[in-house]
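A short worksheet on the structure shown next.
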Amino acid sequence: MTMKRNRCLVPILAMIILLIAGCWDAKDIDQRSFVMGVAFDISDTDDQLVMTIEIPVLTSFATQTQGAQSAKSLVIATTGTSVAQMATRFETRTWRELFFGHTQCIIIGEDLAREGILPIIDFFDRNPRVDRRLTLFIAQDKADQIYHVKNPLEALVSVALNQMLNTLTNTTRVVKRNFQEALRDLESNGDTVLPRVRGTDTEIVIAGGALIRDYKFTAWLSENETRAVAFLYNSISGGVITANVSDTIYSYAVRNAATDIKPVLKDDELSFKIKVKSEGDIIETYHKGSGGTTQFDIPKIQDKLNQIMADEIHHLLAKLQELHADPIGFDRLVKRHYPAFWKEHAKDWKEKVWPEVKFEIITEFNIRRTGILERVTVYEKQE
Amino acid sequence: MKLAKRIHHNIKFLEEQFNNTTDLVVRRFNINLPGVREVSAALVFFDGLISNQQITDAVLNPILHEAIQFKQPIDADILTFIKESVLSDAEHHETNDADKVVMAILMGEVALLIDGYSSALTLSLKGWQHRSIESPQSEGVIRGPRDSFIEAINRNMMLIRRRLRDPSLVFERIQIGNRGQNDVVIAYIKDIANEDLVNEVRKRLEKVDMDVILDSGYLEQMIEDDWWSPFNTIQDTERPDEVAAGLVEGRVAILVDNSPFALLVPTTFNAQMMSAEDYYVRWPAANFVRLIRFIASFIAFVTPALYISLVSFHPEMIPTQLALSIAATREGLPFPSFVEALVMEISLELLREAGIRLPGPIGQTIGIVGGLIIGDAAVSAGIVSPIMVIVVAMTAIAGFIIPTYTLSFGLRITRFFLMIAASFLGLYGLSLGMLILLGHLATLTSFGVSYLSPWAPLNLRDLRDSVIRLPWHSLKVRPRYTKTEDPTRQSQGRRKTGQHKQSRGKQ
């Protein structure tokens, strides 16, 4: 008898539990505002933060026929003293709940980044719904202007930005660093390199990098310096390096590249052995004046490429040492390989040890293909 | 009770037994044999259950026209003489038990009563109208036999016997139903089927206490292991080849008179995901189709729930572009996604049900009307989103791929359960619901065999014929779950690869 009554009770109890406690985070997809991109700046007039968000106008995505007339996105801004405060303030502008699950990029203005990016990213780091593949950008000048760029090709600036960065295969001048990777760098020693974004009236440009030291924006890195960073980050997926050998410009397209960094501790003297290996093709020879060349001296071009990249990396590392910044994470390697040494020097790593470290850089560029040009003479390397 | 000597007592008794029903025919006539005095006799039978032609040919003609032309006087008594020398029918019995006569008449036999004898002859002259054998309605195949069971149990037994000319094939006939006295036949192959299984079937059938068995569905529900479950633990089929295949696997079939569906026990979830065609086409094709079918069964009962949980709980799990277009199509819809899904799924079920009930020529229009309403009007009226139409269409199509209609019923019902779970707790609820479902399936048994066999408990050998089907020469043994008495079905030893090629080369 009691068994029978229990049988009826179980589903009823289950329903009550579900109805009372369940559904608290159920909100249909059309009742959320997809925040595709966020930008943060410091207000010009007072010390407050400015948060700008880009929201797609959903109706314009419903059918293809409506076309170009209607605006595809809405860019709105609010001010406040913390990110969460500003995010809730948007509730007075739109009835839909702000939803960061599809946020593509977070752009932080130069001035704000100089004061520190930690309080900005904290909000996003805590939210489990945030897609860790989004990109953190540092904008040259103001961040919000990026979202006001009118690009007829792209419906949403933030989607375009993220796509641009992720599909880049032919340039080495940008560091691909998504939120997850940047957070890993930052949480380890507070340093990283983030991509730089710059907006003009009609276009957006991603090029170069922003060096972050102790969660603060410290210096811009030029495009060539960024390339060296990309090699050290092991995040090269293509791109062209040009080498000038006897008045002919050879374009070397990177097919793959791998960098191996090893710390070496000898007589209490720390140095790093950096080995860069790359394979690629010659995709163009550019000879000024008439003639052009069909002659390849592959070893010579390789030597030139090796020299170029070694110089670039040397130059970058010198700059980083000068700025006392370690975005590549050499400290992690030391910690892993020489824990005893690290224990001794952990406190003054950035200030004292890191700027004095020596490097040995070995670059090994290999040209595999030279195209299908006819009448090509290839000189063998002469011993 | 015994029969009386006088014929008019007996006729009166029978008429009272049948309450003077109008379809009872009493044909009186006189037997006038040479050398014996004339006696009155009667045939008692039900109109329509017997063949008039046979009565004339086998009974009336011999008695009334041929026997009176005998020159010599007969020396035996009339009943014996008629039984042994006059009647030309195939089967008859003599009885003096009045109840037996009543039963025989009910079964469609003819009772011959002769005045002065307290026993009657019951003649088997059954001949009623039945449907001819047609192709199966619910289990069609492209490749393979096209006959299906009909309502006449004798024909059904014939359809099985023609496939299995094995003296070990046994048909046990019993009558179930206090009033209906319906014929039920237990079919099995004596040296393959497990004896305990056959006994269990017999035992359960004997316990059935109903007044009438109108279809095998009655019996199925009375003898199944778990009446609570939305899943059936007894398989039904209208294909004689499916039954024959089941019998050689060591299963037991139950045929019910007046039902074109035979029951097969034991059955498993796996067994019901198989179509007869899987064994007729070559194994690569069979494997491909089975894979599709298992995916389809998953789609059929998970998709709407998945849609609800993704759209209302976890939009971050949808790829960005798709999320944007889903959100855009849902823009301005009046209902939350659960209600939207429920409305669409229910209208799908309405269409399905209407399609079955409507008479043939009108049935086709329901497709057009339903397609227009669901596919077009509902979307352009802004009641549902086009994505939802796709979801519903997917579940409908996938649902029809499941080969056993009864099983797809179970999945159809649980789909709503999952939808509710998903609407409360999102993906968490969906996973919980599926866990509950899995747990439930694992507790089910069919005549002692676990429903999830061969996956749980894992039976590696039976896995050869589950999601995959190995080539026939690798399926040398019968499935293990039936605990068969004779495990091998092909003589052991390897088939040499290429042996057919070689023999062709020699010619």
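All of the numbers you see were taken from the coordinates with simple rules; none came from a lab. Source: prediction; values computed, not measured. As a convention, Cβ positions derive from the backbone with ideal geometry for all residues, glycine included, and neighbour counts pool all protein chains shown.
For segment B:152-260, trypsin sites (Lys or Arg not before Pro) are listed when DSSP marks them as loop and at most 16 other Cβ atoms sit within 10 Å of their Cβ; the list is B:R165, B:R179, B:K190. Measuring nothing but alpha carbons in segment A:238-383 and taking Rh as the Kirkwood radius, the Rg to Rh ratio lands at 1.12. Taken over the protein assembly as shown, the percentage of Cα pairs per 20 Å bin, counting from 0 up to the bin with the maximum distance, is 11, 25, 26, 21, 9, 6, 2, 0. The Cα trace of chain A gives Rg and Dmax of 26.4, 103 Å, the first to one decimal, the second as a whole number.
What do you get for the angle between helix A:179-189 and the principal long axis of chain A? Use alpha-carbon atoms, 0 to 90 degrees, nearest ten. So the inclination is approximately 70 degrees. In segment B:153-267, the inverse of the mean reciprocal separation of distinct Cα atoms equals 14.0 Å; this is its Kirkwood hydrodynamic radius. Between B:S118 and A:V240, the modelled label-to-label distance comes to 12.0 nm, taking each label 7 Å out from Cα in the direction of the beta carbon. A crude spin-label estimate for the pair B:E16 and A:E97, with each label 7 Å from Cα along the Cβ direction, gives 8.2 nm. For chain A, the longest principal axis of the alpha carbon atoms and the long axis of helix A:2-21 meet at an angle near 60°.
Remark: segment B:7-123 carries a charge dipole of roughly 300 debye about the Cα centre, counting +1 on each Lys and Arg Cβ and -1 on each Asp and Glu Cβ.
Note the full-extension length gain between B:Y280 and B:E134 as 0.36 nm times their separation in residues minus their Cα-Cα distance, in nm to one decimal.
50.6 nm
Taking 17 Å as the straight-line reach from the Cα of A:K266, the aspartates and glutamates in range (excluding those fewer than 8 positions away in the same chain) are A:D331, A:E344, A:E356, A:E360. Shielding by partners for peptide B:317-326, expressed as the average number of C-beta atoms from other protein chains within 10 Å of each residue's C-beta, is 5. Rg over Rh for chain B works out to 1.11, both radii taken from alpha-carbon positions and Rh defined as the Kirkwood radius. A straight chain from A:T45 to A:K275 at 0.36 nm per residue would run longer than the Cα-Cα distance by 77.8 nm. In chain B, with Lys and Arg counted as +1 and Asp and Glu as -1 at Cβ, which of these residues, B:L121, B:T320, B:T488, has the Cα nearest the positive end of the dipole, that is, farthest along it? The residue sitting farthest along the positive end of the dipole is B:T488.
Listed from fewest to most Cβ neighbours within 10 Å, the set B:T122, A:T248 follows the order A:T248, B:T122. Please give the FRET efficiency for A:S82 paired with B:L458, using the beta carbon to beta carbon distance and R0 = 60 Å, rounded to the nearest 0.05. It comes to 0.60. Determine which residues of segment B:88-118 fall in the zone a paramagnetic label at B:N178 would reach in this model, i.e. backbone nitrogen under 19 Å from the point 7 Å along Cα→Cβ. So the set is B:103.
Can you sort A:E225, B:E277, A:E203 by how many other beta carbons sit within 10 Å, fewest first? Numbers along the way, then the final one.
Details: A:E225 22, B:E277 18, A:E203 11.
Ordered from fewest to most neighbouring Cβ atoms within 10 Å, A:E225, B:E277, A:E203 come out as A:E203, B:E277, A:E225.
If you take every residue apart from A:K150 with its C-beta less than 10 Å away from the C-beta of A:K150, what net charge results, scoring Lys and Arg +1 and Asp and Glu -1? Neighbour charge sum, excluding A:K150 itself: -3.
Label-to-label distance for B:R162 and A:K266 is 9.3 nm, based on points extended 7 Å past Cα in the beta-carbon direction. Look at the stretch A:96-102: the mean tally of other chain Cβ atoms within 10 Å of its residues' Cβ atoms is 3.
Set the Förster distance to 60 Å, then compute FRET efficiency between B:R489 and A:S188 from the Cβ-Cβ distance, nearest 0.05.
Numbers: r = 65 Å, r/R0 = 1.09.
Once the sixth-power term is evaluated, E becomes 0.40.
For A:D141, the shell of other residues with beta-carbons less than 15 Å away shows a net charge of -3, using +1 for Lys and Arg and -1 for Asp and Glu.
Per the Kirkwood definition applied to all pairs of different Cα atoms, how many angstroms is the hydrodynamic radius of segment A:30-221? Final number for the Kirkwood radius of segment A:30-221 is 16.8 Å. Computed from the alpha carbon atoms alone, the convex hull of segment B:7-123 holds 91 Å³ per residue. In segment B:97-180, Rg over Rh equals 1.11, where Rg is the alpha-carbon radius of gyration and Rh the Kirkwood radius from pairwise Cα distances.
Where the only charges are on Cβ atoms (+1 Lys, Arg; -1 Asp, Glu), what is the dipole of segment B:347-479 about its Cα centre, to the nearest 20 debye? All intermediate terms of the calculation are to be shown ahead of the outcome.
Values: 9 positive and 5 negative charges, 104 e Å.
Approximately 500 debye in magnitude.
Once the C-beta distance of B:F417 and B:A377 is scaled by a Förster radius of 25 Å, the resulting FRET efficiency is 0.30 to the nearest 0.05.
Step by step: find N for segment B:281-450, compute 2.2 N^0.38 Å, then divide the Cα radius of gyration by it. What's the final number? Spell out each step's value before the answer.
On the way: Rg = 17.5 Å, N = 170, 2.2 N^0.38 = 15.5 Å.
After normalising by residue count via 2.2 N^0.38 Å, the value is 1.13.
With both residues required to sit in segment A:238-383, DSSP beta bridges show an antiparallel share near 65%. Which Cα, out of B:S466, B:F29, B:I413, lies furthest along the positive dipole direction of chain B (beta carbon charges, K/R +1, D/E -1)? Final value for the positive-end residue is B:S466.
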